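So the structure is just underneath, and the comments pick up after that.
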Amino acid sequence: METLIFDHPILAIESSCDETSAAVVHGRKVLSNIVATQMEMHEKWGGVVPEAAARAHVSAVLPVIQEALDVAKVSIKDIKGIAVTNRPGLVGALSVGVSAAQALAIANQIPLVGIDHLEGHLMAILSLEQELNFPCVSLLVSGGHSELVLIHEQGKYQLLGETRDDAAGEAFDKGARLLGLGYPGGAKIQAAAETGNPRRYSLPKGMEKARYEMSFSGLKTAMLRLVESEGERISIPDAAASLQYAICSALTRRVENAIQDHQPSSISLCGGVAANRSLRKQMLDIAQRHGIECYLPDFSLCTDNAAMVGLAAQCYFSKKRESVPLVSVFPHSELFTFDN
Ligand code: KG4
Ligand code: ZN
């Protein structure tokens with residue numbers, strides 16, 4: 001089936017967690033993608049404080065939307081559809097983006113559609129300048145998610161498995177903290193691992209017998225023990241390389257299982273952990289070995305951003321799904337309705 005593309009400018013808005021973002025996309029083309037992060041504020045308080053996140057979205061949302069229109073060189077009058085993340089996420093944070101989207105849609109009589117944040121991550125692959133071949137086994141890995149999804153086609157998703165505790169990004173972040181490498185952990189672990197020996201320290205890969213389910217909390221405990229037992233003698237590059245190896249092996253093993261069970265035409269990677277060079281290379285190798293395609297979207301479309309929300313909306317606007325004037329917000333995802 002051909003990829004469903006809407007050949008008009010769409011304004012997209014994302015405010016589900018700690019990034020306020022707005023973008024203009026036209027078909028597969030991202031004309032602008034503005035992201036205002038609240039990371040510094042939440043770092044100071046040691047985590048995302050929902051009320052503070054919502055307030056920060058309130059001050060950022062209108063300037064970010066204006067900047068997205070300015071950079072794309074379009075006016076709100078040129079916009080033929082508005083897409084906004086309405087689930088899952090912090091309800092207060094989501095409401096800010098949704099209220100702005102509704103106000104713009106009603107005032108300018110533009111069709112509006114609510115998008116699941118996870119569908120946004122999965123559909124970042126639409127930005128690639130090529131026809132996509134489905135079914136696609138997609139690994140969605142970030143600080144908050146580790147999900148293995150079978151994309152049957154645009155709009156039809158099957159959850160194959162997910163982590164039962166920590167997300168893959170969290171495992172990188174916690175490991176980096178234990179090694180004294182700082183934040184954000186993934187990039188620091190990757191850098192330190194470059195000269196390290198991934199086989200020096202044996203770390204658990206979590207639920208090795210499970211076909212799709214994953215677990216990363218044991219890694220954190222094992223890292224803590226390693227740091228305590230090795231003390232001053234620990235080799236930071238070897239420990240970082242061993243951690244990266246354990247996380248990537250746990251992830252790619254599930255991808256291999258899914259290829260065996262479902263014979264997909266392609267595999268893909270999305271979410272912040274998709275920045276990891278070792279994981280990207282392993283995904284490319286797996287695809288090559290099986291003679292299937294591997295879709296790796298640009299890093300700016302892998303971390304939380306609004307362009308991916310506009311890309312996910314392509315199939316809804318192109319199918320002319322009736323737009324609703326009001327969009328509700330939900331804390332949970334309802335994306336995986338496809339029967340297993
Ligand atoms: O998608 P994202 O920006 O934010 C959310 O979690 O929503 O993902 C951030 C996560 C962090 O856990 C960070 O450590 C991880 O992505 N990350 C990486 C790399 N760059 C970022 N993990 C491994 N290798 C990297 N190069
Ligand atoms: Zn996300």
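Remarks
- About the Cα centre, charge dipole magnitude for the range 39-153 (Lys/Arg +1, Asp/Glu -1 at Cβ), debye: 380
- With contributions of -39500 (n - 2.57) from each DSSP H run of at least four residues, the per-residue ellipticity at 222 nm computed over the chain stands at -13000 deg cm²/dmol.
- Per-residue 3J(HN,Hα) values for the range 300-311, derived from phi via the Karplus relation 6.51 cos²θ - 1.76 cosθ + 1.60 with θ = phi - 60°, read 4, 9, 8, 6, 4, 7, 8, 4, 5, 5, x, 5 Hz in sequence order (x marks Gly and Pro).
- Net length gained if the chain between THR37 and LYS77 were fully extended (0.36 nm per residue, minus Cα distance): 11.6 nm
- FRET efficiency for the pair ASP298 and ILE234, taken as 1/(1 + (r/R0)^6) with r the Cβ-Cβ distance and R0 = 56 Å, rounds to 0.95.
- Sequence-distant residues sharing a close amide H with LEU269 (under 5 Å, placed H): LEU139, TYR295
- Separation of alpha-carbon centers, the range 19-81 and the range 204-282, rounded to whole Å: 32
- Charge dipole of the range 116-209 about the Cα centre (unit charges at C-beta), most positive-ward option of LEU181, SER146, GLY120: LEU181
- Fraction of accessible area attributable to carbon and sulfur, the chain (%, probe 1.4 Å): 52
- Rounded to the nearest 10 square angstrom, PHE336 shows an accessible area of 50 square angstrom against a 1.4 Å probe.
- Hz values of 3J(HN,Hα) by residue in the range 238-244 - Karplus curve (6.51, -1.76, 1.60), Gly and Pro given as x: 5, 5, 5, 5, 5, 5, 4
- Full-extension gain in nm, SER249 to VAL91, via 0.36 nm per residue minus C-alpha separation: 53.4 nm
- Candidates GLU119, GLU293, GLU194, ranked by Gaussian network fluctuation over the chain, Cα under 10 Å, top entry: GLU194
- Taking N as its residue count, the alpha carbon Rg of the range 126-246 over 2.2 N^0.38 Å: 1.21
- Top positive-direction residue, dipole computed over the chain with Cβ charges, set ALA83, GLY155, VAL71: GLY155
- Note that the chain presents 44 Å² accessible area per residue, ligands and nucleic acids not counted, probe 1.4 Å.
- Over the chain, the hull volume per residue, using the convex hull of the C-alpha atoms, is 129 Å³.
- Accessible area, probe 1.4 Å, largest first, for residues HIS262, HIS117: HIS262, HIS117
- Here the gap between ASN133 and ASP70, fully extended at 0.36 nm per residue and compared with their Cα-Cα distance, gives a gain of 19.3 nm.
- Cross-link reach list, lysines versus LYS80, counting only Cα pairs under 27 Å and skipping chain neighbours closer than eight places: LYS29, LYS156, LYS319, LYS320
- The phi torsions of the range 210-224, fed into the Karplus equation with coefficients 6.51, -1.76 and 1.60 and a -60° offset, translate into couplings of 6, 6, 10, 5, 10, 8, 10, 6, x, 5, 4, 5, 5, 5, 4 Hz, rounded to whole numbers, with Gly and Pro shown as x.
- About the Cα centre, charge dipole magnitude for the range 209-296 (Lys/Arg +1, Asp/Glu -1 at Cβ), debye: 100
- Listed by chain and number, the lysines whose alpha-carbon sits under 25 Å from that of LYS205, ignoring those within fewer than 8 places in the same chain, are LYS174, LYS188, LYS220, LYS281.
- Annotation: the antiparallel percentage among DSSP beta bridges lying fully within the chain is about 60.
- FRET efficiency for the ALA210 to MET1 pair, using the beta carbon distance and R₀ = 45 Å, is estimated at 0.90.
- Taking the range 133-167 and a reference point 7 angstrom along Cα→Cβ of ASP261, the backbone N atoms nearer than 13 Å belong to 137-138, 148-151, 158-163.
- Accessible area per residue was computed with a 1.4 Å probe on protein heavy atoms; GLU228 scores about 130 Å².
- The amide H of GLY81, built 1.01 Å from its N in the peptide plane, has LEU11 as neighbours under 5 Å, considering only residues 5 or more places off or on other chains.
- Rounded tilt (10° steps) of 91-108 against the dominant C-alpha axis of the chain: 30
- Each Lys and Arg adds +1 at its Cβ and each Asp and Glu adds -1 at its Cβ; summed about the Cα centre, the chain shows a dipole of about 340 debye.
- Among LYS220, LYS73, LYS188, residue whose mean-square fluctuation peaks in a GNM of the chain (springs only between Cα atoms under 10 Å): LYS73
- Across VAL273, VAL64, VAL49, mean-square fluctuation computed from a Gaussian network of the chain (C-alpha pairs under 10 Å connected) peaks at VAL49.
- Degrees between helix 168-178 axis and first principal axis of the chain (Cα, 0 to 90, nearest 10): 50
- Computed accessible area, LEU224, all protein chains, 1.4 angstrom probe, square angstrom: 80
- Distance between the pseudo-spin-label points of ASP285 and ARG164 (7 Å out from Cα toward the beta carbon): 2.9 nm.
- As a calculated quantity, the FRET efficiency between GLU334 and VAL227 at R0 = 51 Å, using C-beta atoms, amounts to about 0.80.
The values are calculated or read from the model by the stated rules, or taken from the named source; none is laboratory data. Quick caveat: nothing in here was measured; it's all calculated off a predicted structure. A quick note on method: Cβ atoms are made from the backbone with ideal geometry, for glycine too, and the neighbour counts reach across all protein chains shown. Heads up: the accessible areas ignore ligands, DNA and RNA and are worked out on the full protein's heavy atoms, side chains in. Shrake-Rupley method; radii C 1.70, N 1.55, O 1.52, S 1.80 Å.
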